[in-house]
Amino acid sequence: MNLQFSDEDERFRHSIRDALKDLVPPDMARRTRQGVHPTKADLKAWNRIMYERGWAAAHWPKEYGGTGWSPLHVHIFEEELAAVDAPFLSYFGLRLVGPLIFTFGTEKQKKQYIPDILTGDTFWCQGFSEPSSGSDLASLRTTAVREGDEYVLNGQKIWTTEAHYADKMFCLARTNTEVPPQKGGLSFLMLPMDDPGIQVRPIITIDEGHSVNEVFFENVRVPVTNIIGEEGRGWDYAKFLLGNERVTNAHVPRAKRDLVLLKQMAETELRNANGTLDEDDVRRRIAKIEIDLDGLEWAVLREVIGGSRSPAIASALKIVASELQQHMAELAVDLIGARGRVYYDEADLERNDLAASPPEYVPGLAARQLFLRATTIYAGSNEIQRGIIAKQQFGL
Ligand SMILES: Cc1cc2nc3c(=O)[nH]c(=O)nc-3n(C[C@H](O)[C@H](O)[C@H](O)COP(=O)(O)OP(=O)(O)OC[C@H]3O[C@@H](n4cnc5c(N)ncnc54)[C@H](O)[C@@H]3O)c2cc1C
């Protein structure tokens, strides 16, 4: 299926394509293709490059430092970025807390936080999940008790992505333990990560990588001015943010690029397989992935351009997109066979000489497939999304 773009859209695409030519440093592009967790240095350097062109927050309104482009142009821009293997920009500031601050924050908070999110000088992390409070976020136990002009924060977060990079965290905490979160028990706070009462401990995931952490709070004092919006409305702000997270997590432009690379890999591997690969099966699996991706792209475009048509659409997109990523990674590992078992850690993948030995796609592939097990868990597990669809869409 081919999408037809207008002449104006095509002109826009070509202007972006020209401007992006040679912009991504080759080693960064290789690490992106290999699916390495981005280093802080890469994230910062790429954010700066994008910021200098006014593109760090392409999807934001102009008044806050975005481009003011239409959603379709943002989509085209992201396709062109993916096509040149540009790394993702840091997610938590630009995608999550930034829009929350300019939508619900005070003028002072906008001035204080937005500029450094745009430049990438401040990195953020998201402190929602806690032990036993992931799917059941409403049961979270971290407390923020008001003492004068401060909240005193005690508790623990878990699975906090990039907490070890982050300068600041946005988090949910109980400011009222007498009422449930949905009825005013939770608030949304922002805090610096260098407070002495904060301890960050790494969690090494199944791919042997370090991207997630545990974060402990012991009497962390947060000024009351660091609250977003009103005390007690944390649940509403979290819902706003999680809805955005599930749609942006569809990552259609990146999935399209991954499919191009997967097809190239399949051609090479089938050519060299001497009959050890079942060619019909490989072609069938690629066709299925392509059909699902086409459908996903149409659904995402309908959503971003036409506005939401279904209360549960963000959940449906999250399910399809996350499973697609897993299917692509599984096929890639099946294609390279036993070579996929060789383990390369992130430090290996940062070495440029490694790219020269096996085909570039081999190192890191198995680790990537293992890490992508997490896509059906984070941003709300797929079982939870199915529950939301059953309830909101079908009233079950
Ligand atoms: C790589 C990674 C990065 C993450 N990054 C962050 C982050 O930056 N910040 C953050 O706050 N959190 C983060 N998370 C946490 C993530 O949001 C939670 O792991 C997720 O919401 C699931 O919660 P849980 O781990 O407590 O599992 P549980 O809620 O205990 O679920 C365990 C299993 O039970 C199933 N289940 C639970 N309840 C139901 C139900 N009602 N119906 C059907 N099935 C159910 C789940 O689907 C899952 O399969 C991250 C997680 C991972 C793996």
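Could you please let me know if LYS157 is touching a residue at least 40 places away in the same chain (Cβ under 8 Å), among the charged types (D, E, K, R), outside any loop (DSSP other than H, G, I, E, B) and away from the ligand (no atom under 16 Å from the Cβ)?
No.
Residues are listed down the side, and each one gets a yes or a no for (1) in the same structural domain as VAL222 (by TED's automatic domain parsing); (2) aliphatic (A, V, I, L, M); (3) farther than 21 Å from PHE104 by Cβ:
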position	(1), (2), (3)
GLU130	yes, no, yes
ASP136	yes, no, yes
LEU140	yes, yes, no
ARG146	yes, no, no
ILE158	yes, yes, yes
THR175	yes, no, no
GLU178	yes, no, yes
GLN182	yes, no, no
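For region 257-293, give me each residue that is surrounded by 19 or more Cβ atoms within 10 Å (Cβ to Cβ), of a type in the set (D, E, K, R) and within 25 Å of the chain's Cα centre (by Cα).
Result: ARG257, ASP258.
Got at least one residue in region 109-122 being assigned to a loop (DSSP other than H, G, I, E, B), of a type outside the set (Ser, Thr, Tyr) and either within 19 Å of the chain's Cα centre (by Cα) or at pLDDT below 95 (or both)? Before you say what the answer is, go through the steps one by one.
Initial filter on region 109-122 (assigned to a loop (DSSP other than H, G, I, E, B)): 120-122.
Still in the list and also of a type outside the set (Ser, Thr, Tyr): 120-121.
Now narrow it down to the ones that are either within 19 Å of the chain's Cα centre (by Cα) or at pLDDT below 95 (or both): 120-121.
Yes; the residues of region 109-122 include at least one that is assigned to a loop (DSSP other than H, G, I, E, B), of a type outside the set (Ser, Thr, Tyr) and either within 19 Å of the chain's Cα centre (by Cα) or at pLDDT below 95 (or both).
Quick check, is ILE291 of a type in the set (A, V, I, L, M, F, W, C) and outside the structural domain of ALA163 (by TED's automatic domain parsing)?
So ILE291 fits the description; yes.
Could you run through region 181-199 and say how many residues are touching a residue at least 40 places away in the same chain (Cβ under 8 Å) and touching a strand residue (DSSP E or B) at 6+ places or on another chain (Cβ under 9 Å)? Please lay out each step first, then the result.
Our first condition is that a residue be touching a residue at least 40 places away in the same chain (Cβ under 8 Å); within region 181-199, this holds for 181-182, 184-190, 193, 197.
Checking the rest, the ones that are also touching a strand residue (DSSP E or B) at 6+ places or on another chain (Cβ under 9 Å) come to 181, 184-190, 193, 197.
Of the residues in region 181-199, 10 are touching a residue at least 40 places away in the same chain (Cβ under 8 Å) and touching a strand residue (DSSP E or B) at 6+ places or on another chain (Cβ under 9 Å).
Among the candidates GLU130, GLU150, single out the residue that is within 16 Å of the ligand (Cβ to nearest atom) and at pLDDT 95 or above. Please lay out each step first, then the result.
Values: GLU150 fails: within 16 Å of the ligand (Cβ to nearest atom).
From the options GLU130, GLU150, the qualifying one is GLU130.
Which residues, counting only those in region 59-68, are buried (at least 18 other Cβ atoms within 10 Å of the Cβ) and either under 21 Å from ASP7 (Cα atoms) or touching a strand residue (DSSP E or B) at 6+ places or on another chain (Cβ under 6 Å) (or both)? Give the derivation first.
Within region 59-68, the first condition is being buried (at least 18 other Cβ atoms within 10 Å of the Cβ), and the residues that meet it are 59-60, 64-67.
If the condition is that a residue be buried (at least 18 other Cβ atoms within 10 Å of the Cβ) and either under 21 Å from ASP7 (Cα atoms) or touching a strand residue (DSSP E or B) at 6+ places or on another chain (Cβ under 6 Å) (or both), then THR67 is the only one that fits.
Please find, among PRO202, PRO192, the residue that is within 13 Å of the ligand (Cβ to nearest atom) and surrounded by fewer than 18 Cβ atoms within 10 Å (Cβ to Cβ).
Working: PRO192 fails: within 13 Å of the ligand (Cβ to nearest atom).
Answer to the selection: PRO202.
Could you look through region 351-366, keep only residues that are modelled with pLDDT under 70 and of a type in the set (D, E, K, R), and pick out the one that is farthest from HIS37 (Cα to Cα)? Write out each step before concluding.
Going through region 351-366, the residues modelled with pLDDT under 70 turn out to be 351-357.
Those left that are additionally of a type in the set (D, E, K, R): 351, 353.
Values: ARG351: 14, ASP353: 19 Å.
Within region 351-366, the match that is farthest from HIS37 (Cα to Cα) is ASP353.
The values are calculated or read from the model by the stated rules, or taken from the named source; none is laboratory data. Computed from a prediction, not measured in an experiment: that's the story for all the values here. Positions of Cβ are generated from backbone atoms using ideal geometry, with glycine treated the same way; all protein chains shown enter the neighbour counts.
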